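Input: a single structure, listed below in structure tokens.
The values are calculated or read from the model by the stated rules, or taken from the named source; none is laboratory data. Remember, it's a predicted structure, so these values are computed and weren't measured experimentally. So basically every Cβ, Gly included, is an ideal-geometry build from the backbone, and we count neighbours across all protein chains shown.
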């Protein structure tokens with residue numbers, strides 16, 4: 001694949017995973033809005049396109065390690081389990097840490113910095129919805145996806161019964177909402193810049209949220225750009241086989 005201004009950000013991230021750190025550096029969303037072309041993404045971020053194209057061209061000349069591309073071909077069950085063990089587990093651990101740090105910051109600094117309570121509410125909503133989202137994936141969607149292409153085929157709960165497209169669409173909408181909530185938190189924290197008088201706990205809170213956001217980019221990328229498209233394609237193949245039989 002040759003990267004051009006009209007190549008989707010998703011295709012670049014999937015085809016050249018080594019380009020992902022560059023997207024992170026310049027703030028291009030390759031997970032929730034990966035359908036945008038590179039030109040559209042640069043315009044949205046008010047970034048000059050030519051230097052980005054030049055930088056990305058260097059990644060086309062590098063050999064990609066198998067570990068970075070294996071998810072394009074690995075069994076869907078294996079990819080689903082990897083996401084749960086690596087990203088879902090990390091998300092839960094990090095959310096617990098963030099909740100603990102947030103409570104301490106509110107208790108110690110709320111009197112002088114009432115704005116921390118607004119941040120606390122945003123963090124609470126973000127964490128609650130993210131926990132519910134991962135639970136829904138693990139309980140309902142991932143078992144179904146994992147069974148695609150195998151002898152076992154669990155049923156999806158109503159009203160999605162019979163079609164994996166509906167729950168996947170819902171999960172992707174949740175991802176968009178997560179991105180919006182993180183943007184709100186970024187605004188409230190001034191891009192994770194603590195005030196001059198912030199204590200170590202306050203600074204640790206901002207680092208913890210930023211680290212979770214970074215992991216969520218990789219997490220959502222694997223789902224939106226690899227797992228879900230592959231699952232939809234496999235479901236279509238199986239539906240065609242059923243109609244023929």
*Lone qualifier among 149, 162 - being assigned to a loop (DSSP other than H, G, I, E, B), closer than 23 Å to residue 86 by Cβ and at pLDDT below 95*: 149
*Does the range 63-74 include one or more residues that are touching a residue at least 12 places away in the same chain (Cβ under 8 Å), within 21 Å of residue 180 (Cβ to Cβ) and in contact with a helix residue (DSSP H, G or I) (Cβ under 9 Å, 6 or more places away or on another chain)?*
no
*Could you check, for the range 204-219, whether at least one of its residues is surrounded by fewer than 16 Cβ atoms within 10 Å (Cβ to Cβ) and farther than 30 Å from residue 167 by Cα?*
yes
*residue 206 passes all but one of (1) in a helix (DSSP H, G or I); (2) over 25 Å from residue 96 (Cβ atoms); which number fails?*
(2)
*Sole exception among (1) more than 18 Å from the chain's Cα centre (by Cα); (2) modelled with pLDDT of 95 or more for residue 112, by number*: (2)
*Name every residue in the range 178-192 that is out of contact with any helix residue (DSSP H, G or I) (no Cβ under 6 Å at 6 or more places or on another chain) and closer than 12 Å to residue 127 by Cα, in order of residue number.*
178
